[in-house]
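Just so you know, all these numbers are worked out from the coordinates, no wet-lab data involved. All values derive from a computational prediction rather than experimental measurement. So basically every Cβ, Gly included, is an ideal-geometry build from the backbone, and we count neighbours across all protein chains shown.
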Amino acid sequence: NAGVTQTPKFQVLKTGQSMTLQCAQDMNHEYMSWYRQDPGMGLRLIHYSVGAGITDQGEVPNGYNVSRSTTEDFPLRLLSAAPSQTSVYFCASSWGGRGELFFGEGSRLTVL
Amino acid sequence: TQLLEQSPQFLSIQEGENLTVYCNSSSVFSSLQWYRQEPGEGPVLLVTVVTGGEVKKLKRLTFQFGDARKDSSLHITAAQTGDTGLYLCAGGAGGTSYGKLTFGQGTILTVHP
């Protein structure tokens, strides 16, 4: 079982470029979410999904788009990268209502 | 906006010592989870507590949920170098969290041999 798989693990972008962080899970979890982790700030929720075709915003959604066309995949799109989006991004999935999360290994993004 | 304050932010101790990490909020949470994260990896769930006053033990780790479900603590007895890592508390609001959790800032624990 692969669990939650994120790609790429590392990425460097220039300001204004766009890119997509990929996330896939093979546990048939309904709930998926994206968090960003910055030093001293814990993890902050960007977007989440409660099932295929249903997404909603989290705490820090600006500058990011998501879609969920299948149960397995939940890509995160950066529309026009800014230095403030330099961070480590984690995708997570959950099976149930209490939201116990299974995380991917993270994608480290640097925006110059 | 719900906030979780974790303390201390940094903890540096010798192997064999005991330690406690605190997680406090002014908000009520339906569940409180603790995660451990190692460098270059994602957080891994340690425990979930859901009932006010609940105590759970995981080998040398003891987790407690406050009676009012606004705070939690993690106590490690006789710390080992393998306990080194980032510890995160996370709270879920409402009956169904849908993977939407509020995280504390984290506690970086370093256990020296």
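Observations, loosely collected:
- Furthest towards positive pole of dipole, A:109, A:22, A:83, structure part chain A, Cβ charges: A:83
- Shielding by other protein chains, B:102-108, mean Cβ within 10 Å: 4
- Averaged over B:41-48, number of beta-carbon atoms from partner chains that fall within 10 Å: 5
- Coupling constants for segment B:15-28 follow from the phi torsions by the Karplus curve (6.51 cos²θ - 1.76 cosθ + 1.60, θ = phi - 60°), and in residue order they are 3, x, 6, 9, 8, 9, 10, 10, 9, 10, 8, 8, 9, 8 Hz; glycine and proline get x.
- Overall Cα dimensions of the protein assembly as shown, principal axis frame, Å, largest first: 48, 38, 35
- Label point distance in nm, residue A:15-residue A:95, each placed 7 Å from Cα along Cα→Cβ: 4.6 nm
- For the protein assembly as shown, size of Cβ-based charge dipole, Lys and Arg +1, Asp and Glu -1, in debye: 200 debye
- Averaging 1/r over each pair of different alpha-carbon atoms in segment B:1-93 and inverting the result gives 13.5 Å, the Kirkwood hydrodynamic radius.
- Cut-off 19 Å, label 7 Å out along Cα→Cβ of residue A:54, residues of segment A:18-46 by amide N: A:25, A:27-34, A:46
- 5 angstrom amide H check on residue A:26, placed H, neighbours 5+ away: A:3
- Net dipole in debye of chain B [+1 Lys, Arg Cβ; -1 Asp, Glu Cβ; about Cα centre; nearest 20]: 300 debye
- Peptide A:85-94 has a mean of 2 when you count, residue by residue, the C-beta atoms of other protein chains within 10 Å of its C-beta.
- Scalar couplings 3J(HN,Hα) for segment A:56-66, obtained by applying the Karplus form with A = 6.51, B = -1.76, C = 1.60 to θ = phi - 60°, are 8, 7, x, 6, 10, x, 5, x, 10, 10, 9 Hz; x denotes Gly and Pro.
- Computed Rg/Rh of chain A, alpha carbon atoms with Kirkwood Rh: 0.94
- Couplings 3J(HN,Hα) for segment A:84-95, derived from phi with the Karplus relation 6.51 cos²θ - 1.76 cosθ + 1.60 (θ = phi - 60°), are 5, 8, 5, 5, 10, 9, 10, 9, 9, 10, 8, 8 Hz, where x marks Gly and Pro.
- Pairs of alpha carbons in segment B:45-113 separated by more than 17 Å make up 48% of all such pairs.
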